[in-house]
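A short worksheet on the structure shown next.
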Amino acid sequence: MGNNTFLTSPPMGWNSWNTFYDQVTEDLIISTADAMVDSGLYKAGYEYIIIDDCWSARERDSEGHLQPDPVKFPHGMKAVSDYVHSKGLKLGIYSCCGVHTCAGYPGSFEHEFEDARQFAEWGIDYLKYDNCFHPATISSEGLYRRMNMALRSCGRDIVFAVCQWGRDDVHSWIRSTGAHTFRSTVDIQDAWKSIESIALSQLEKQSYIGAGCYNDMDILIVGMHGKGLNPETSIGGCTDTEYQTHFALWAMMSSPLIIGCDIRNMSDETKDMLMNPELIAINQDPECRGCYKLPTYGSPDAFVLLKQLTGNEWAVGFFNFGDSTAHVELHFWDMGLPLGNGAGLHFHDCLTHEDLGVKTESYSEKVAAHGCRVYRVSLENA
Ligand code: GAL
């Protein structure tokens, strides 16, 4: 048992909900754990395999304990966690602060301490904790504090991932509950409009970002391409350019990186995007600072994001939310470099992995519709 400082950067993993909906089974989790390792995702930093809603039986057992659906998980949850752990991975599960989960399975309301002990016994490492069906007279804030206490005293390090959909100004109080991550938006959909609206809504909240409690902008849709059993998520699909922009935004904005596509069947483009070590490094930067819009010169639908990284380095993103190619321009003055200082900024392209050399005063680039460019920048004294 650690000291609850075990999560020092945004968690990275995979979640069943976007693609597999209520069809979550032992076979799916085992084959996904295999794929996580075989594809290289584990090596790239992804470690949590998270079972979302619909894993349990419709009723608790005669002693009041949660029990997995015997058809979906014929060997029980401990067998699944043993397998996942044998691959070096960690296992996540889902419950809810109400009497039912959002899909109508038993919730943890008034069972918090026994459920936390049960999760610890099964070897669970991560709990996604939802917000449906709790009594109107009790706030989810109080119920999250309760589950936090239960988890922190259950004898096992378990990441506490609250799902509050951005309601009730969650960003302003969530740190008081002890949660490690908090869902800050409605459910994502496999469509450009969804990426755009989630990103814009959370840019305003970047000042609440900090190590230890991460703003969860929801499961990634990268690589879904309109496929999947979840009728609310799978509504059309995006282009690879749009998925790249989505991944770059989630990385720069320090969101947990939780994959939602079927990782057993990924295209090479999807793999490259999800395993880009340079975007992952920006996401996992130890200082965990938010990113902020800089004044942008050029096309009106484009903007520049700046994220201070540890040491003498910055991540700079050029994003184009418009429907045609944009010209985006960054003036180094806006990053803190005085005009005529003589020093230059060294640019490294995190998408093409090219070294672009030292630039002075400003840098501009064309950015495709719905596209992005991301650079790692450092100051080179003249
Ligand atoms: C929603 C949640 C989704 C998923 C679903 C399961 O409330 O936002 O991410 O967990 O419940 O029923």
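Reported count of residues in segment 125-167, each being in contact with a strand residue (DSSP E or B) (Cβ under 7 Å, 6 or more places away or on another chain), away from the ligand (no atom under 15 Å from the Cβ) and of a type in the set (S, T, N, Q), is 1. Looking across segment 12-50, the residues that are farther than 15 Å from V222 by Cβ and of a type in the set (F, W, Y) come down to F20, Y21, Y42, Y48. Within segment 72-96, the set of residues being within 13 Å of the ligand (Cβ to nearest atom) and either of a type in the set (S, T, Y) or out of contact with any Asp or Glu (no Cβ under 7 Å at 6 or more places or on another chain) (or both) comprises I93, Y94, S95.
If I filter segment 241-261 for residues that are under 18 Å from D190 (Cβ atoms) and surrounded by fewer than 19 Cβ atoms within 10 Å (Cβ to Cβ), do I get at least one hit? Looking for residues that are under 18 Å from D190 (Cβ atoms) and surrounded by fewer than 19 Cβ atoms within 10 Å (Cβ to Cβ), one finds at least one in segment 241-261, hence yes.
Within this structure, D69 passes the test of being farther than 30 Å from D272 by Cβ, within 16 Å of the ligand (Cβ to nearest atom), surrounded by fewer than 23 Cβ atoms within 10 Å (Cβ to Cβ) and over 19 Å from the mean Cα position of the chain (by Cα).
L249 meets each of the listed conditions (1) in contact with a strand residue (DSSP E or B) (Cβ under 9 Å, 6 or more places away or on another chain); (2) farther than 23 Å from N276 by Cα apart from (2). Please determine whether any residue of segment 78-89 is more than 24 Å from R183 (Cα to Cα), touching a strand residue (DSSP E or B) at 6+ places or on another chain (Cβ under 6 Å) and small (G, A, S). Checking segment 78-89: at least one residue is more than 24 Å from R183 (Cα to Cα), touching a strand residue (DSSP E or B) at 6+ places or on another chain (Cβ under 6 Å) and small (G, A, S). Scanning segment 338-378 for residues being of a type outside the set (A, V, I, L, M, F, W, C), closer than 26 Å to T241 by Cα and either assigned by TED's automatic domain parsing to the domain that holds K193 or part of a loop (DSSP other than H, G, I, E, B) (or both) gives a total of 5. Within segment 61-112, being among the small types (G, A, S) and over 22 Å from L28 (Cα atoms) holds for S62, G64, G98, G107, S108. Considering only residues that are touching a strand residue (DSSP E or B) at 6+ places or on another chain (Cβ under 9 Å) and either closer than 22 Å to D130 by Cβ or at pLDDT below 95 (or both), which ones fall in segment 207-246? Those that are touching a strand residue (DSSP E or B) at 6+ places or on another chain (Cβ under 9 Å) and either closer than 22 Å to D130 by Cβ or at pLDDT below 95 (or both): S207, Y208, I209, C213, Y214, N215, D216, M217, D218, I219, L220. Filtering segment 168-190 to residues that are in a helix (DSSP H, G or I) and within 11 Å of the ligand (Cβ to nearest atom) leaves nothing.
The values are calculated or read from the model by the stated rules, or taken from the named source; none is laboratory data. What you see is a predicted model, and the numbers here were worked out from it, not measured in a lab. Using ideal geometry, Cβ is built from the backbone for each residue, glycine included, and neighbour counts are taken over all protein chains shown.
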